[in-house]
1. Working only within the stretch B:377-388, note down all residues that are surrounded by 23 or more Cβ atoms within 10 Å (Cβ to Cβ) and either in a helix (DSSP H, G or I) or among the β-branched types (V, I, T) (or both).
2. What number of residues in the stretch B:576-589 are without any contact (Cβ under 8 Å) to a residue 40 or more places away in the chain and facing chain A (nearest Cβ under 10 Å)?
3. Within the stretch B:116-162, track down each residue that is surrounded by fewer than 24 Cβ atoms within 10 Å (Cβ to Cβ) and either more than 15 Å from B:S421 (Cα to Cα) or of a type in the set (G, A, S) (or both).
4. Where in the stretch B:396-508 are there helices (runs of 4 or more DSSP H), lying wholly inside it, with at least 3 residues that are over 27 Å from the mean Cα position of the chain (by Cα)?
5. Considering every residue within the stretch B:314-330, establish whether at least one is within 36 Å of the chain's Cα centre (by Cα), under 19 Å from B:V214 (Cβ atoms) and polar (S, T, N, Q).
6. The conditions are (1) part of a helix (DSSP H, G or I); (2) closer than 15 Å to B:A593 by Cβ; (3) within 14 Å of chain A (Cβ to nearest Cβ), and B:A535 fails exactly one of them. Which is it?
7. Within the stretch B:305-320, is there a residue that is modelled with pLDDT of 90 or more, within 30 Å of B:T55 (Cβ to Cβ) and either in a helix (DSSP H, G or I) or small (G, A, S) (or both)?
8. Does B:G300 qualify as being in contact with a helix residue (DSSP H, G or I) (Cβ under 8 Å, 6 or more places away or on another chain), within 22 Å of B:L207 (Cβ to Cβ) and not hydrophobic (A, V, I, L, M, F, W, C)?
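The values are calculated or read from the model by the stated rules, or taken from the named source; none is laboratory data. Owing to the predicted nature of the structure, the values given are computational and were not obtained by experimental measurement. All Cβ positions, even for glycine, are placed from backbone atoms using ideal geometry, and neighbour counts span all protein chains on display.
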Amino acid sequence: MTITEAMSVPTPDATDATDTPIAIGGIHWRQRVRVRGKVRALRVQPWEGGVATLECTLVDDTGGLVVIFMGRRRIGGVKLGAAMEIEGMVIENRGRLAVMNPAYTLLPADD
Amino acid sequence: MPKGSLTQDRSAIQPIPPTPAVEIPESRGFRVKSKVLGKALHNDQLAHERLGKPTALAVFASDALSSTAYASEEILRTLLLGAGAVGVVAFSLLIPITMALVAVLVILIFSYRQTIKAYPSAGGAYIVTKDNLGLIPAQVAGVALLTDYILTVAVSVSAGVAALYSAFHGLYPYRVPIALAFIAIICLGNLRGVKESGKIFAIPTYLFIMSMFVMIGMGIYKQVLGGGLSYVPPTDPAALESTAAVGILIVLHAFASGGAAMTGVEAISNGVPAFKAPEATNARHTLVVMGALLGTMFIGISWLAATMHIIPSDSQTVLAQAAKAIYGTTPIGHALFLFTQAATMLILVLAANTSFADFPRLASFHADDAFMPKQLTKRGHRLVFSNGIIALAVAGAIPVIIFQADVTHLIPLYAIGVFTSFTLSQAGMAKKHIKDKEQGWRLGLFVNGLGAVTTGVVTIVIGAFKFTGGAWFIMLLVPIMVFLLVRLNHAYESEKEELEHEAAKAAGAPILRYHSVIVLIERLDQSSARAIQYARTLTPDDLKAVHIATDHERAEVLAEEWTRLGLSRLPLELVDCPDRRITRAVLEVVAEAASSGNTEVSVLIPRREYRRFWHRFLHDHTADSIAKVLTDVPHANVTFVPYHLGKHTPGAKLAAEVLTTGGDAVDVFTHPGVPEDGQ
């Protein structure tokens, strides 16, 4: 087996499709995901160490996850009821599934 | 806080007395109650007033004796005015039927002498039945008796009003309001705690006994020496013309109607502890005297009615017609007539009062055994069973209203309950004799056995003949009530079992690891600040403020203000609530916080306390409804943090005084920069 072949062996994560959004209820810890949802809750709070953090809860019909933007106190367009699509790695934050500093796209409200 | 200041503070602390430093004001409700009902009584003021025999007779016999005011009348009514009326023959049947009822009375008196001997400390039907036949029969006896107490109120008050309008005909249209007013007065008197205090009772009871004996005596005198009593002018001549054959059925029906005379016989056996020592002996003597008086008066009145051919009428009682005929129309005669009517009315109203003494006590027995709501065991402001008294007043008013204070329509419902409980308690006594085999048990067994059989037969007769008249309602009501009480008991028992199951172990169970505190914030104001201040004393693992955003603009303003004031050390969560269902949104937030299973969630709700009670109507009760739904979430605990509006509320004054005397509170807004972790 060549190194190139070894490199091309798909990792488990690589099987997850990240190009089409999946249901939030179906995500797992340590999985790379692309999901769509609405901002259900917004939280302004200090990160331990004094870094301002914007936390929001993104929900769709199947479930919810925490989205954390570090170093930001506010992001234009990320407000209650806003629809967006995010892509990132699912981690754990205080016992809840979360995605930190994801790539995000705001969607039209009527989506 | 630096250590130095702590020691300095400690040295500055002056010892204070262990009583509240400020006067805690009484609530408005309590002040009104104290005005209306009198000073609140303390537990040790529960008077055990002991009654001598003459007073005891007056207290306990008013119910039984008063029934003579309508018993003869009801027998006559059945014979003369009912279906299959027998016409003028009725008057010759009245005395034998009365004698039969008096025979039952004699058996009952002897039976109850046994009961008093065996149960010197309160031997009501409920206790006797429970002891000997079990809890379920005791419920039957109790419920039957309770329904009869309710009917005693209705019947006695209605009959009392009848005595009133027999003398003053103009009052007839107002009989229902007058009856209700009587019930209200008696209820109020009992809530104040009119003890079974002798004098109030003694006078009307003895006046009534006197008036009856004077009337019967005058009647006998006129009959024997004064040339005989003449017939009173018939109020309803048609009633005399019927010539239907006398059948056993109509006689039994009349007998059943007269059974009402026996109600109240059990009162003495309920109240033995109220007698002066030797209680049992005095009670038995009093019982016999009462039986003798009741029997004599009953026979006397029946004799007068039979001799003078008195026909019951709606506007005048038999007693009133007899008194009028005997005393004549002279001024003295009229005065005597009014005196008789007044005495009758008074004793009838007092008879209702007997129910007010017995019903709450019996209901409290039921409730003690967890067969009725526990509220009935609570003694109120004046050490009486206030809830039972109010329940009886309401329950007694209902039949008065339905039947328009008409004794005749109430009578068919009446007496079956009392006889059911007689039967059960006598059967219980018979069983006790067989079980205990005490000295002279054979005689006791005979007496109580005879009592049980007799009252059993009477119960069946009453049930059968009054069935269509209304007894069916009671015969339906009692089993349904017993069924409900048994269900209630199961509910109480299973609740108790669950609550007590391994309670000690549960108290020592490991606590949940995390404590999360959620402060609900509607806007930034003094009341929210109070809640945040309190939340910081709890030192939870996780503390956050939650704002339910029904209006996004307001939410953003709040968030900005939050950051500007430096409050962002305390995270503020804005939760979207596009459907404006605030309680639902809070429920979801709290359920989420508690969902990990290892978290105790405290929800702090700031609540404004209002200056005047009507201010409450200016605001909705979101706080209360939130608290209500949160009780459904396990490990969610709600705390209201009060904020006292206005400077003149009792609470605000109290808070101000506490602050100046002992508080060292730091306002979260005046010291926004003081962090809890001590920077």
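1. B:V384, B:G388
2. 5
3. Within the stretch B:116-162, B:I116, B:K117, B:A118, B:Y119, B:P120, B:S121, B:A122, B:G134 meet the criteria.
4. Here the list reads B:416-436, B:441-465, B:472-500, B:503-507.
5. Yes, because at least one residue in the stretch B:314-330 is within 36 Å of the chain's Cα centre (by Cα), under 19 Å from B:V214 (Cβ atoms) and polar (S, T, N, Q).
6. Exception for B:A535: condition (3).
7. No: zero hits.
8. yes
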